[in-house]
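*Asks:* One structure follows; several queries about it will come next.
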Amino acid sequence: MYYSQTYKTKWHDTDGDGVMRPSALLVYMQETANLQCREYGMDLNDLHHKEGKGFLLSRMMVKVFTPLRAYEDIEVRTWCIDNKGYNFIRCFSVHRGDETVALAVSHWALVDVRDGKMIRTTDFRRDFPYGELPDESVLPCRIRIPASREMETVGERRIVYSDLDFNRHMNNTKYPDMICDFLPSMDGKWITTLSLSYLREAAFGDALTVSRAPVDGDGEAYQIRTTRPDGAVCLEAEIGLAGI
């Protein structure tokens with residue numbers, strides 16, 4: 001069981017090699033989830049402003065099987081996993097005709113924005129169609145970077161107006177493109193895997209320190225960490241690349 005929307009990809013979704021940027025891919029996925037919420041009577045703006053609740057992404061694992069380009073017709077599917085505790089699990093798949101282009105699993109927390117308390121999944125039921133977890137063996141693992149990991153500081157990234165969501169924090173879909181900004185080069189490459197752990201929010205005006213380290217293996221991959229001035233880690237990520 002899943003909910004789906006169809007789109008035509010945009011020229012403005014693509015990078016200098018004509019390949020869809022990873023942030024654009026996440027936007028299509030999450031916009032589909034937002035539309036499902038809206039159609040099922042749970043508009044996210046109403047949820048925030050009227051009920052005082054908001055979803056926060058804690059981690060997301062994405063596998064891209066083949067790159068997308070401009071003006072391609074795609075179908076984006078999303079479904080939820082029936083779960084207990086505080087972990088709301090939502091899955092995504094992206095299709096071009098009969099071809100599966102991408103697969104993702106995301107983990108969310110629902111928070112009362114007035115007191116910061118988390119809300120249990122059993123206390124927030126909606127009549128969404130529920131499905132099964134996809135084959136997670138094809139997805140990248142959850143990223144955990146040891147504190148002792150030696151990483152090179154590669155720059156600073158200030159959070160500005162164009163990054164913000166309605167919480168006035170950096171929108172989670174902005175992070176993948178930001179990561180690519182701090183890789184040695186994206187020329188002639190596309191993203192094949194992306195594992196993101198969102199640990200703390202980055203607020204408007206924060207200047208994040210970005211650190212990077214290569215990952216040993218068969219392909220080209222990097223680990224990335226962003227840190228606030230107070231030393232708090234906002235994001236840990238691992239990204240895998242392949243040549244076009």
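*Asks:* Can you list residues whose amide H is under 5 Å from Thr14's amide H, if they're 5+ apart or on another chain and H is modeled 1.01 Å from N?
*Replies:* Arg21
*Asks:* Carbon and sulfur together cover what percent of the accessible area of the chain at a 1.4 Å probe radius?
*Replies:* Carbon and sulfur: 47 percent of the exposed surface of the chain.
*Asks:* What FRET efficiency, computed as 1/(1 + (r/R0)^6) with R0 = 22 Å and r the Cβ-Cβ distance, is obtained for Ala213 and Ala242, rounded to the nearest 0.05?
*Replies:* Working: r = 19 Å, r/R0 = 0.88.
Given R0 = 22 Å and the Cβ-Cβ separation, E is 0.70.
*Asks:* Another one. Under a point-charge model restricted to the Cβ atoms of Lys and Arg (+1) and Asp and Glu (-1), what is the dipole moment magnitude of region 94-135 relative to its Cα centre, in debye to the nearest 20?
*Replies:* So the dipole magnitude of region 94-135 works out to roughly 300 debye.
*Asks:* Of all chymotrypsin sites (Phe, Trp or Tyr not before Pro) in region 125-184, which ones are in loop regions per DSSP and have a Cβ with at most 14 other Cβ atoms within 10 Å? Spell out each step's value before the answer.
*Replies:* Working: sites: Tyr130, Tyr161, Phe166, Phe182; in loops: Phe166, Phe182.
The qualifying sites are Phe166.
*Asks:* Let me ask you something else. Along the Cα-to-C-beta direction of Arg168, a point sits 7 Å from the Cα; which residues of region 205-244 have their amide N less than 12 Å from that point?
*Replies:* So the set is 205-206.
*Asks:* Around Leu208, which amide H atoms from residues at least 5 apart in sequence, or from another chain, sit under 5 Å from its own amide H, with H modelled in the peptide plane?
*Replies:* Arg157, Arg158, Ile159
*Asks:* Still on this structure, I have one more. What FRET efficiency comes out for the pair Arg69/Val138, r = Cβ-Cβ distance, R0 = 25 Å, nearest 0.05?
*Replies:* 0.65
*Asks:* So who's got an amide H within less than 5 Å of the one on Ala102, skipping anything under 5 residues away but keeping other chains? H placed 1.01 Å off N, in plane.
*Replies:* Phe65, Val94
*Asks:* With θ set to phi - 60° and the Karplus curve 6.51 cos²θ - 1.76 cosθ + 1.60, what are the ³J(HN,Hα) couplings of region 114-123 in order, to the nearest whole Hz, using x for Gly and Pro?
*Replies:* 7, 10, x, 7, 7, 10, 5, 4, 6, 9
*Asks:* Averaged per residue, what accessible surface does the chain expose to a 1.4 Å probe, in Å²?
*Replies:* With all protein chains present, the chain gives 50 Å² per residue.
*Asks:* Report the one residue of Tyr3, Cys37, Leu57 whose Cα lies farthest in the direction of the positive end of the charge dipole of region 1-157 (charges on C-beta: Lys and Arg +1, Asp and Glu -1; origin at the Cα centre).
*Replies:* Most positive-ward Cα: Leu57.
The values are calculated or read from the model by the stated rules, or taken from the named source; none is laboratory data. These numbers were taken from a predicted model, which means no experiment stands behind them. Note that we place each Cβ from the backbone using ideal geometry, even for glycine, and neighbour counts take in every protein chain shown. Protein only, heavy atoms only, side chains kept; ligands, DNA and RNA dropped before computing areas. Shrake-Rupley method; radii C 1.70, N 1.55, O 1.52, S 1.80 Å.
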